[in-house]
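Here's the structure we're looking at; comments come further down.
Every read-out reported here was derived from the displayed coordinates using simple, explicitly stated rules and does not represent laboratory data. All of these numbers come straight from a predicted model, not from anything done at the bench. Methodologically, a virtual Cβ is constructed for each residue, glycine included, from the backbone with ideal geometry; neighbour enumeration extends over all protein chains shown.
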Amino acid sequence: MKKEIEKLLNDQVRYEANASMHYLAMASWADVHGFNGVSDFFYANSEEERVHMIKLVKFINERGGKAIVPALEAPKANFETLNELFEEFLSSEIYVTEKINEIIFECLSHKDYNTHNFMQWYVAEQLEEEAQARTMLDKLNIIGNDKTGHYMFDRDIMSFKATSEAQTPE
Ligand code: FEO
């Protein structure tokens with residue numbers, strides 16, 4: 001594996017790990033603010049990001065590189081509103097998508113078609129996660145400051161997640 005690609009993949013390990021910790025902090029915030037559905041949603045997303053990270057670690061090592069387990073930045077722990085939480089979720093996913101696109105670009109310029117092929121799974125994941133974040137933020141923007149709306153959003157969030165996953169092709 002080319003050193004440039006190995007470095008980008010190791011950077012991606014760090015972004016996925018940071019996303020996992022970021023979503024864990026969001027889950028914890030929701031947990032203590034009585035939003036149990038939102039909390040379950042972010043606990044699950046935190047776990048998914050951890051899986052994304054481990055998949056990269058294994059790929060780097062299998063291809064003759066050396067995966068680096070990164071030091072992590074402390075995630076933001078406090079949020080004012082559910083909207084803020086989901087705005088952060090969407091920005092985090094957009095950031096990760098940009099980083100994945102950079103890897104894809106470098107894979108093509110170095111003719112590393114194996115890594116390019118491997119990264120297609122991440123491209124599909126990002127499409128799903130960004131769409132999910134946008135849908136949820138749209139719903140929250142419709143709800144505004146209505147407490148009953150927030151209660152219902154929290155109650156139904158896991159079913160939105162299941163529906164959007166069922167609609168996304170593998
Ligand atoms: Fe694995 Fe959604 O970043």
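Tabulated results
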{"item": "Helix-only CD estimate at 222 nm, as mean residue ellipticity for the chain, using -39500 (n - 2.57) per DSSP H run (n ≥ 4)", "result": "-29000 deg cm²/dmol"}
{"item": "Tilt relative to the chain, helix 36-62 - C-alpha long axis, 0 to 90 degrees, to 10", "result": "0"}
{"item": "Chain lengthening between residue 146 and residue 120 when straightened (0.36 nm per residue, less Cα-Cα)", "result": "5.4 nm"}
{"item": "Cα gyration tensor shape for segment 20-76, rounded if a/c is under 1.5, else prolate or oblate", "result": "oblate"}
{"item": "Sites residue 94 and residue 58, calculated FRET efficiency, Cβ-Cβ separation with R0 30 Å, nearest 0.05", "result": "0.70"}
{"item": "Cα-Cα P(r), segment 33-170, percent of pairs per 5 Å interval", "result": "2, 8, 16, 21, 18, 13, 10, 6, 4, 2, 0"}
{"item": "Given 7/139; 66/99; 3/76; 2/76; 55/147, the pairs whose alpha carbons are separated by over 30 Å", "result": "7/139; 3/76; 2/76; 55/147"}
{"item": "For segment 14-21, Karplus couplings with θ = phi - 60° (6.51, -1.76, 1.60), whole Hz, Gly/Pro x", "result": "5, 5, 5, 5, 5, 4, 4, 5"}
{"item": "Sites residue 71 and residue 108 - FRET efficiency at Förster radius 35 Å, r taken between beta-carbons, to 0.05", "result": "0.70"}
{"item": "Dipole-positive endmost among 81, 135, 22 within the chain (Cβ charges, Cα centre)", "result": "22"}
{"item": "Backbone HN-Hα couplings from phi across segment 78-93 [Karplus 6.51/-1.76/1.60, Hz, Gly and Pro as x]", "result": "10, 9, 7, 9, 4, 4, 4, 4, 7, 5, 5, 4, 5, 4, 4, 5"}
